[in-house]
Amino acid sequence: MPELRAPIGTRDVVAPESARWARLVARFAVTAEAAGYGLVLTPLFEDLAVFQRVGEATDIVRKEMYDFEDKGGRHLALRPEVTASVVRSYIQLRPTLPWKSWYVGPNFRYESPQAGRYRQFYQLGLEAIGSADADLDVEVIGLAWSLYDAMGLRQVGLSINSLGDDVCRPGYRELLLRFLEARRAELCDEHRIRLEDNPLRALDCKKPECMAATVDAPRQLDHLCEPCGAHFARVREGLMALGVPHTVDTRLVRGLDYYTRTTFEFPSGALDSAQNALGGGGRYDGLVEAMGGPPTPGIGFALGIERILLACDAEGVAEAGGGGVDVFVVDLTGGGAARDVTFELRAAGWRADRAFDARSAKAQFKAADRSGARLAVVIGPDEAAAGTVSVKDLRGGAPGGQVTVARAHLGDEVRRRLG
Ligand code: HAM
């Protein structure tokens with residue numbers, strides 16, 4: 001039988017790497033909950049129509065969707081992102097506004113895999129539905145910023161832009177289209193052919209021909225209506241008040257079509273420029289209505305877990321190493337003592353592990369070393385007969401050398417050594 005392997009573009013995350021994930025998720029949960037966001041869990045698959053609303057002209061919908069027909073003939077898709085699902089959920093459940101929720105989980109996009117780009121990847125994100133207040137934009141952006149900051153990431157930037165709204169965007173779109181039509185021959189193949197679908201996308205294209213052709217293109221920021229201009233100014237003022245440094249990037253369009261007004265991205269200077277976005281988001285004031293709900297504004301972001309951890313590696317900060325247990329129980333009497341002692345230690349709140357299958361003393365000490373434990377609790381025939389256990393320092397960090405204590409005092413001895 002050929003060797004079975006994980007599909008291209010997917011990976012297994014195992015310990016100790018998975019411990020870094022768990023810590024990052026826990027940190028994000030605390031950050032989001034502390035600001036009034038509650039966990040939302042939506043299905044990993046939805047009716048295809050849910051995701052089609054994020055933009056028929058986007059790569060995500062046109063080329064990258066994992067869609068399929070189920071046994072009941074329904075056309076479904078694995079989620080390529082979470083915002084559309086959260087909005088669908090809002091329309092279905094109608095929670096009280098503002099509805100502030102956070103999430104973590106996998107997304108699926110049929111992209112060409114490379115470092116930092118996978119077909120199944122994990123996002124941390126949050127969505128705030130029900131307010132158009134610019135201060136909410138500042139809150140949302142500030143939460144992502146404070147997460148990176150608390151992790152010690154110093155090479156993360158913040159780019160922001162405004163894409164206007166239903167009032168000012170159509171006029172700008174026409175202006176840009178006319179500008180680009182006159183230069184159609186200079187654009188890359190894709191944008192030459194698909195120019196009319198969404199001319200703004202050419203501004204975001206990283207191909208040199210598109211970049212050259214759009215150098216002098218009109219900028220949405222110069223064509224905002226008065227309310228959109230005031231909104232953007234208020235967002236910038238708020239970011240400055242919170243001390244969040246940012247750069248205005250008039251080319252920042254983003255890869256989803258639902259955005260209005262504020263859009264933002266967090267590029268990392270520590271990663272290769274092709275996949276350097278550690279996260280991104282923006283306002284989507286028209287999306288709830290476009291998906292069949294009442295007109296309701298919203299804003300949110302999603303951060304890529306794999307990319308954040310790649311950036312941590314590149315910057316040599318936080319969320320590395322760790323994991324493992326506190327105490328490893330070595331039982332030279334057949335395993336029954338280890339069964340009972342690990343159970344007692346865990347009940348007292350310690351992380352404890354042991355070896356199985358009555359392995360040799362050498363094999364058990366090797367396993368103890370690999371486990372990351374600082375202490376070994378050793379039970380040999382003498383200890384078993386005397387009702388004692390020996391406690392041994394494995395890392396040289398815990399004071400006290402090796403001592404033998406009554407089994408009933410093991411908890412006190414572990415606490416004395418590990419604090
Ligand atoms: P997005 O920019 O498509 O936005 O994805 C957000 C983040 O997910 C990216 O910045 C990146 O870190 C990570 N990411 C995206 N694709 C991949 C991939 N193939 N492999 C690894 N990481 C990836 C959204 O998904 C929007 N839903 C964000 C949002 C929330 N907007 C409003 N609310």
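Taking 0.36 nm per residue of separation and subtracting the Cα-Cα distance, full extension of the segment from Ala358 to Leu177 would add 57.7 nm. In this structure, the amide hydrogen of Asp165, modeled 1.01 Å from its nitrogen in the peptide plane, lies closer than 5 angstrom to those of Cys225, Arg261, counting only residues at least 5 positions away or on a different chain.
Just rank Met1, Met65, fewest to most, by other beta-carbon atoms within 10 angstrom. Spell out each step's value before the answer.
Values: Met1 3, Met65 20.
The fewest-first ordering by Cβ neighbours comes to Met1, Met65.
Considering only Cα atoms, the convex hull volume of the chain works out to 200 Å³ per residue.
Averaging sequence separations of C-alpha pairs under 8 Å and six or more residues apart, then dividing by the length of the chain, give the relative contact order as a whole percent.
15
The packing ranking of peptides 176-182, 257-263, 285-291, highest mean first, is 257-263, 285-291, 176-182, where packing means the average number of other beta carbon atoms within 10 angstrom of each residue.
When only Cα pairs under 8 Å and 6 or more residues apart are kept, what is the percent relative contact order across region 138-208? Don't jump to the answer; show the numbers that get you there.
On the way: 22 pairs, mean separation 14.5, N = 71.
Dividing the mean separation by the residue count of region 138-208 yields 20 percent.
Scoring 211-218, 102-109 by mean Cβ neighbours within 10 Å over their residues and listing the highest first yields 102-109, 211-218.
Here Asp340, Asp189, Asp165 are placed in order of increasing Cβ neighbour count within 10 Å, fewest first, which gives Asp189, Asp340, Asp165.
Divide, for region 265-419, the radius of gyration over alpha carbons by 2.2 N^0.38 Å, where N is the residue count.
Details: Rg = 25.0 Å, N = 155, 2.2 N^0.38 = 15.0 Å.
Rg over 2.2 N^0.38 Å, computed on Cα atoms: 1.67.
Of the chymotrypsin sites (Phe, Trp or Tyr not before Pro) found in region 309-377, those in coil by DSSP whose Cβ has at most 13 other Cβ atoms within 10 Å are Phe356. Partner lysines whose Cα lies under 23 Å from the Cα of Lys362, excluding those fewer than 8 positions away in the same chain, are identified as Lys392. Annotation: peptides 118-125, 13-20, ranked by per-residue average of other Cβ atoms within 10 Å with the highest first, follow the order 118-125, 13-20. Exposure proxy ranking for Thr333, Thr83, based on other Cβ atoms within 10 angstrom of each Cβ and starting from the fewest, stands as Thr333, Thr83. For region 18-167, averaging the sequence separation of C-alpha pairs within contact (under 8 Å, six or more residues apart) and dividing by the residue count gives a relative contact order of 22 percent.
No lab work stands behind these numbers, since they all come straight from the coordinates. This structure is a prediction, so every number in the text was calculated from the model and none was measured. As a convention, Cβ positions derive from the backbone with ideal geometry for all residues, glycine included, and neighbour counts pool all protein chains shown.
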